[in-house]
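Here's the structure we're looking at; comments come further down.
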Amino acid sequence: MDTESRLEQTIRDMVDDRRGILAADESLPTIAKRFKPIGVESTEENRRAWRSLLLTTPGLGEYISGVILFEETLGQTADDGTPLPEAAWSQGIVPGIKVDKGTGPLSGAPGDLVTRGLDGLGERLKRYQEQGARFAKWREVYPVGRHNPTLLGREANAEVLARYAAVCQEAGIVPIVEPEVLMDGDHEIDRCAVVTEQVLHEVFHALHRHQVTFEHMILKPNMVLPGKACRRAGPEEVAEATLRVLRRAVPAAVPSINFLSGGQGAEEATANLNAINRLRGNAPWQLSISYGRALQQPALHAWLGRSENREAAQQALLKRARLNSLARRGEYDPSLEQAAD
Ligand code: 5MM
């Protein structure tokens, strides 16, 4: 298959009107942070057991079309010895890989960050492809402050995202482009809207300059939300602000927008997605999820690192995946939370 056909096939396998993407790509420090509250040590075997539990959840492929893995997971196996990327694909879930190497300060732009990992990316992609990865993900992070993100920060981050996406497409790997405007801080929802719009304009300008084909990528943005230390906004307010920004900044050629949850509670993230899909009108893209915490947290708390809780944890994951699938069509209602137990 040539490169373009590979990209098209991956988009076809990942994008439809009912499923979403599971983000299970926590780096070593992040997974340790997720395991700590449930008293689980972040050993290689515990990480394998957790991710194997997630990917072998019976029926998950009905609601999930792709999974973002961490490098280590690509080489790990399920309890029955099946390589984990293969276990995912046996349920129709396309395996992908987080390829960025985390953030550091951006010189010349105090308060802004930039993500590392471009050096040698082409070589790494070849290895990941051999291990079964068909798409990749890269996150740029934008803290919101009085002066942040700066123009330099927005330009530098967009350039890095575009260079990553171009390298991926050249290798036949679909890039998920993730610019995340953080929820940290006490800013109002309007400030998040302004920043997100500026960030997305810059990102799409850079993608265009670097000849990235919009039809062969997926955008993973934040929803437009107030800062965590500000008053909460209801789902309709979030949906209106999010759709307004996306309509202004995201080309119609992009097939799918898959939101990150970014620290929202699991039910809040589902309710917001539902409102977005109820208000979507004739929006040209699929509007779906690429949640990490909002899919995994209830399952983690059901698991607690004990093999006897495996089934309960899989049920908790399946419940969130199913309710988010309903929210994809604007058919979710909070009363379903109890009914689904
Ligand atoms: C923003 O984080 C991404 C989505 O997860 P949430 O829905 O929980 O916000 C997630 O894919 C993230 O990029 C990975 O967990 C990797 O994070 P680190 O910081 O470990 O690279």
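Of all the criteria given as (1) more than 16 Å from the ligand (Cβ to nearest atom); (2) within 21 Å of the chain's Cα centre (by Cα), the one not satisfied by HIS208 is (2). Checked against (1) under 17 Å from LYS220 (Cβ atoms); (2) not in a loop (DSSP other than H, G, I, E, B), GLU159 passes all but a single condition, namely (1). In this structure, ARG47 does not satisfy being more than 16 Å from the ligand (Cβ to nearest atom) and among the charged types (D, E, K, R). When region 133-148 is filtered for residues that are surrounded by 20 or more Cβ atoms within 10 Å (Cβ to Cβ) and either of a type in the set (Asp, Glu) or away from the ligand (no atom under 16 Å from the Cβ) (or both), the ones remaining, listed by number, are ARG134, GLU140. Applying the set (1) under 21 Å from ALA312 (Cβ atoms); (2) without any contact (Cβ under 8 Å) to a residue 60 or more places away in the chain to PRO95 leaves exactly one unmet item: (1). Might you check whether a residue that is out of contact with any strand residue (DSSP E or B) (no Cβ under 9 Å at 6 or more places or on another chain) and of a type in the set (Asp, Glu) occurs anywhere in region 97-120? Yes, region 97-120 contains a residue that is out of contact with any strand residue (DSSP E or B) (no Cβ under 9 Å at 6 or more places or on another chain) and of a type in the set (Asp, Glu). All of LEU106, LEU74 fail the test of being of a type outside the set (Gly, Ala, Ser), touching a residue at least 40 places away in the same chain (Cβ under 8 Å) and within 15 Å of the ligand (Cβ to nearest atom), apart from LEU74.
Scanning region 7-25 for residues that are surrounded by fewer than 23 Cβ atoms within 10 Å (Cβ to Cβ) and either charged (D, E, K, R) or touching a Pro at 6+ places or on another chain (Cβ under 8 Å) (or both) yields a count of 8.
The set of residues in region 159-213 that are crowded, with 21+ Cβ neighbours inside 10 Å, of a type outside the set (A, V, I, L, M, F, W, C) and touching a Phe, Trp or Tyr at 6+ places or on another chain (Cβ under 9 Å) comprises TYR164, PRO175, GLU178, PRO179, THR196.
Entry remark, region 170-202: residues being touching an Asp or Glu at 6+ places or on another chain (Cβ under 9 Å) and either modelled with pLDDT under 95 or of a type outside the set (A, V, I, L, M) (or both) number 5 in total.
The values are calculated or read from the model by the stated rules, or taken from the named source; none is laboratory data. This structure is a prediction, so every number in the text was calculated from the model and none was measured. In this analysis, Cβ positions are derived from the backbone assuming ideal geometry, glycine residues included, and neighbour counts consider all displayed protein chains.
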